[in-house]
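J.: This is the structure I have questions about; it appears just below.
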Amino acid sequence: MNWNIIDTWLLVTASLIAMACVLPGVFLLLSRQSMVAHGIAHAVLPGIVIGHLVSGGVETPALLTGAIIAGILCTVFTRFLHRFSGVEEGAALGISFTTLFAIGLIMQRLLADHVHIEPSHVLFGNLETAIFQVILEGGGVPDAAWRGLFALAINLVFVGFFFKELTITTFDAAHGDTVGARPRLTYYLLMAMSALTCVIAFEAVGSILVVAMIIVPPAIASLLTKKLKTLVALSLLIALFCAVTGYLLSLGFLGDTISGAMGFPKVGSTNTAGGISVVCGIVFVVTLITKKLANRNPPHTPGQRHDTKKENE
Amino acid sequence: MNSPDSWILASSWLDRLIEAVRSPSYNLKVIYLGVTSLGLAAGVCGCFLLFRKRSLLSDTIGHSTLPGVCIAFLLYARWGSGGKSFIALMIGALITGWLSVRAVQWIKNNSKIKEDAALAIPLTVLYGLGVVLLSVVQDSNLNLQGSSGLEYYLFGMVASMIQAEAIMLAVVSLGALTVISLFFKELNCLSFDEDFVASQGLPHRWLDEVLMLTCLTVTIAGLQTVGLLMIMAAFIIPPATARLWTDSMPWTLAIAGFVGATGALIGAIASAVIFRLPAGAAIILASALLFGFSMLFGSRKGWVVRQLKVARLEKRLSENQLLRDLFDRLEAQQKVRLLAGLDFSSDLARVSLPVHDILKDRDWSQRKERSVARSLSRQNLLKFKRGDFVRLTTQGLERAIEVARTHRLTELYLIEHADVAPARVHQYVEKIEEITGPEIASDIHQLFSNELEQALIPAEPHRGGDTS
């Protein structure tokens, strides 16, 4: 395996994006809205198409803006369906994002059929090509890396600035209202942050695997700690670990193992984003099992009593 | 429609619509059969997912089939004859789909992670695995025949549906409907009270498994033909639509099935009529439109019905308020005695009362005063006299007494049992009056039977002191 500049940039970009994703992820997870990320990831399609129709290009901020607006619209619709007609939250989300996606698909086919928004490209993502082009065109820092850094920086600033509001809103929106934390504004800011992150990330990692990076590292961290600040820090670390490991394994190990197990010849590198989410999944399962085993024979210390009591419930 | 071109276009659309509805081509008939039966079965199965707040499970199942499809493809290429074997891919999809259902359950049972994340984690992780496997499958070193386009397995192509697929969809749907009607009672219980089912000695785990397998089979049968997103929408939108119309379980299933089938049919027809309109998306949109229509006009939670209910309630409350005020005035004039043996056959009811004067403490508009009084007079509860004077009829007096009694008993109850300050109790009762009726009043009367003795109506508790 010969390492070169492309690999370095791929690794950096993947890590930046993975870390950017967990920041909204922590709060989505805690406010039980994990699937919202999944919804946003689909719902951005009409925004992208409209952005394209307005601007006429495929690589402009118009697409990004359109996508973010569509993503936020999806959450607005979901909330509206839930409040107005009493539709159960999961179903409300399902209705709004499938409908938005369908609208996007129809608009694309009827109005912008010449644009190649390949489903496989949107849904699977391709970090390799995103980086490769820039390197071929003359080096420097690739756009994807800049965007990853931008997303991470914005999310860090947002979470740092609104940490108190986010905490209150996530755990007790009614209380947030009484102390002036403006839960609705905070909610929509969080949604905007999720949409922005999704859109930036899915160019590189695909719209569905974004969800793995948003939800799984915070979920792993939530198995390990109950403190919010620790949770955020731990999620960032886990995301970094998963991104690096996932990337390294994707260089050959994963593909070779799979094809070797089936008795096929060796294959080259496999999809990086897929590799990262597989690693996330493995870490999750291992953590959960370890935690279960540790809880099975709890040492009789006062600190552990709380946990074992919960376990018996 | 000013240029002749658009005329021709419009008329050709109309022609195509008439043709698509009245004499569809063979291909179209196949598509109609396939999507309609799928819409029907998915709508019905989706109800059970919705009741258990698991609507998005079909999403998880759908995405989790990708690794199964790829593994099946690889195994079939290694040990079978290679290529895209429909049966092999379907079995692979079934296995990982089932795995994802178990994974959701496992996460929920073994950690404090909530439903949403328990659905999202298997979805993305298995999908990620699928993407990795896909890049193995499509690697040039392997050079497997038929590997390109395997990812389109998830997206489906309604337009290219063949007869065998349509028949398979019809059979799967029929099977799913049979299973559901066989276990209808048990599944019904399971949806609302799992513990009850367990306590009745029914095999609830096994039932759950049957239900999940049914949903799984329908999902996977649909994936290949209509695509992931449409199958998800078919599971989610029709049941949610049905809930806007009805409360009852059998009706929910029937309406969901109907909406699913109709939405699918409309979408399929639309895509046949409009050039380049993707059928899967058209079907989702048609179902969404049916949902939007139901949001407005649904008979249970539709906007119109709710508005009407509110208006009716408001009207009834205003009527009661007017009657009570009239009664208070009669009482103040000592025309009605409070004790038992109340005699309203005599000339009590003949007293004329000035409506406007009586209502001066309520900030009602004149129009409202008049319309409320008119509505009471239509019910023959009061009669208009000269000017704005009215007179209660015998029935009117009876109802006024009932209303005043309920009101005062509720006030009394709140003062004695809920520690509401007497000065504020009046406002409280005005607010909660919509839920207190004669039954509650008689309960409260029982409660105070000692103190009230034979009094039919207690004095207004918040004014105090004039009963004695």
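J.: Going by amide H atoms built from the backbone, whose H comes under 5 Å of the H on A:G252, apart from near neighbours?
T.: So A:G252 has HN proximity to A:T270.
J.: Filter the trypsin sites (Lys or Arg not before Pro) in segment B:32-116 to those in DSSP coil with at most 16 other Cβ atoms within 10 Å of their Cβ, and list the result.
T.: B:K53, B:K112
J.: Right, here's the next one. List, in order, the whole-Hz ³J(HN,Hα) value for each residue of segment A:198-214 obtained from phi through the Karplus relation with A = 6.51, B = -1.76, C = 1.60 and θ = phi - 60°; use x for Gly and Pro.
T.: 3J(HN,Hα) across segment A:198-214, in whole Hz: 4, 5, 5, 6, 6, 4, 8, 10, x, 6, 8, 6, 3, 4, 4, 6, 6.
J.: Another question, then. Return one whole number: the accessible area per residue of chain B in Å², for a 1.4 Å probe.
T.: Details: 22240 Å² over 468 residues.
It amounts to 48 Å² per residue over chain B.
J.: Could you work out the Kirkwood radius for segment A:148-220, taking every pair of different alpha carbons, averaging 1/r and inverting it, reported in Å?
T.: Numbers: mean 1/r = 0.0759 Å⁻¹.
For segment A:148-220, the Kirkwood estimate is 13.2 Å.
J.: Name the residues of segment A:77-98 whose accessible area, probed at 1.4 Å, falls by at least 50 Å² once all protein chains are in place instead of their chain on its own?
T.: Residues passing the criterion (a loss of at least 50 Å², heavy atoms only) are A:F84, A:S85, A:E88, A:I95, A:T98.
J.: Exactly which trypsin sites (Lys or Arg not before Pro) in segment B:375-406 are in a DSSP loop and have at most 15 other Cβ atoms within 10 Å? Please list the in-between numbers first.
T.: Working: sites: B:R378, B:K383, B:K385, B:R386, B:R391, B:R399, B:R405; in loops: B:K385, B:R386.
Those that pass, being in a loop and sparsely packed, are B:K385, B:R386.
J.: Angle, helix B:204-226 long axis vs. longest principal axis of chain B, Cα atoms, 0 to 90°, nearest 10?
T.: For B:204-226 against chain B, the angle is about 60 degrees.
J.: Using a 1.4 Å probe and counting only protein heavy atoms, arrange B:L74, A:L63 so the residue with the most accessible area comes first. Can you show the working numbers first?
T.: Details: B:L74 0, A:L63 25 Å².
Descending order: A:L63, B:L74.
J.: If you roll a 1.4 Å probe over chain B with all protein chains in place, what percent of the accessible area is carbon or sulfur?
T.: Values: 12950 of 22240 Å².
Its accessible area is 58 percent carbon and sulfur atoms.
J.: How many partner chain Cβ atoms sit within 10 Å of a residue's Cβ in peptide B:275-284, on average, as a whole number? Can you show the working numbers first?
T.: Working: counts 2, 6, 4, 6, 0, 4, 11, 4, 1, 9.
Average neighbour count from other chains, rounded to a whole number: 5.
J.: How much length, in nm to one decimal, is gained on full extension between B:N380 and B:N109, taken as 0.36 nm per residue of separation minus their Cα-Cα distance? List each step's numbers first, then the result.
T.: Details: separation 271, 0.36 × 271 = 97.56 nm, distance 6.26 nm.
Extra length available between B:N380 and B:N109 comes to 91.3 nm.
J.: For chains B and A, what's the summed buried accessible area, probe 1.4 Å, to the nearest 100 square angstrom? Write out the running numbers ahead of the final one.
T.: Values: alone 25040 and 16430 Å², together 35920 Å².
Chains B and A together bury approximately 5500 Å².
J.: About the Cα centre of chain B, how large is the charge dipole given +1 on each Lys and Arg Cβ and -1 on each Asp and Glu Cβ? Please answer in debye to the nearest 20.
T.: Working: 45 positive and 42 negative charges, 221 e Å.
In total the dipole reaches around 1060 debye.
J.: While we're looking at this one, here's another question. Which trypsin sites (Lys or Arg not before Pro) in segment B:219-322 pass both tests, a DSSP loop state and at most 15 other beta-carbon atoms within 10 Å? Could you put the intermediate results ahead of the total?
T.: Values: sites: B:R243, B:R276, B:R300, B:K301, B:R306, B:K309, B:R312, B:K315, B:R316; in loops: B:R276, B:R300, B:K301.
Passing both the DSSP loop test and the Cβ count: B:R276.
J.: Check B:V390: other-chain or 5+ apart residues with amide H under 5 Å from its amide H, H built from backbone geometry?
T.: Under 5 Å from the amide H of B:V390: B:L353, B:V355, B:K385.
J.: For a Förster distance of 35 Å, can you work out the FRET efficiency between the beta-carbons of B:S442 and A:F80, rounded to the nearest 0.05? Mind showing how you got there, number by number?
T.: Values: r = 42 Å, r/R0 = 1.21.
Calculated transfer efficiency: 0.25.
J.: For B:S111, enumerate residues with amide H under 5 Å from its amide H, sequence gap 5+ or separate chain, H modeled in the peptide plane.
T.: Placed amide hydrogens put nothing under 5 Å from B:S111.
J.: Around A:G39, with a cut-off of 13 angstrom between Cβ atoms, what is the net charge of the other residues, counting Lys and Arg +1 and Asp and Glu -1? Don't skip to the answer; put the middle values down first.
T.: Values: positive: A:R79; negative: A:E89, B:D59, B:D116.
Computed value for this residue: -2.
J.: Positive end of the charge dipole of segment B:371-432 (Lys, Arg +1 and Asp, Glu -1 on Cβ, about the Cα centre): tell me which of B:L414, B:G387, B:V372 has its Cα farthest that way.
T.: Positive-most Cα among the choices belongs to B:G387.
J.: A follow-up question, please. Taking θ as phi - 60°, what are the ³J(HN,Hα) couplings along segment B:161-178 by the Karplus curve (6.51, -1.76, 1.60), each to the nearest whole Hz, with x for Gly and Pro?
T.: Result, ordered by residue: 5, 9, 4, 4, 5, 4, 5, 4, 4, 4, 5, 4, 5, 4, x, 4, 5, 4 Hz.
J.: Still on this structure: In whole Hz, with x marking every Gly and Pro, tabulate ³J(HN,Hα) for segment A:261-274 from phi via Karplus 6.51 cos²θ - 1.76 cosθ + 1.60, θ = phi - 60°.
T.: 4, 8, x, 9, x, 4, 10, x, 6, 10, 4, 5, 4, x
J.: Let me ask something additional. When the helix-only estimate is applied to chain B (DSSP H runs of n ≥ 4, each -39,500 (n - 2.57), divided by the residue count), what is the mean residue ellipticity at 222 nm, nearest 500 deg cm²/dmol?
T.: Numbers: 19 runs with 330 residues, N = 468.
About -23500 deg cm²/dmol.
J.: Okay, next question. Per residue of A:30-36, count partner chain C-beta atoms within 10 Å of its C-beta, then hand back the mean as an integer. Let's see the in-between values first.
T.: Numbers: counts 2, 2, 5, 4, 12, 10, 2.
Whole-number average of other-chain Cβ neighbours for A:30-36 is 5.
J.: For the pairs B:K108/B:K301; A:K226/B:K114; B:K315/B:K360; A:K227/B:K112; B:K315/B:K368; B:K315/B:K385, flag any whose C-alpha to C-alpha distance is greater than 20 Å. Intermediate values should be presented prior to the final figure.
T.: Working: B:K108/B:K301 32 Å; A:K226/B:K114 15 Å; B:K315/B:K360 18 Å; A:K227/B:K112 15 Å; B:K315/B:K368 10 Å; B:K315/B:K385 22 Å.
Cα-Cα > 20 Å for B:K108/B:K301; B:K315/B:K385; rest within.
The values are calculated or read from the model by the stated rules, or taken from the named source; none is laboratory data. These figures come from a predicted structure and were not determined experimentally. Quick reminder, even Gly has a Cβ in these numbers, built from the backbone with ideal geometry, and neighbours come from all protein chains shown. Protein only, heavy atoms only, side chains kept; ligands, DNA and RNA dropped before computing areas. Shrake-Rupley method; radii C 1.70, N 1.55, O 1.52, S 1.80 Å.
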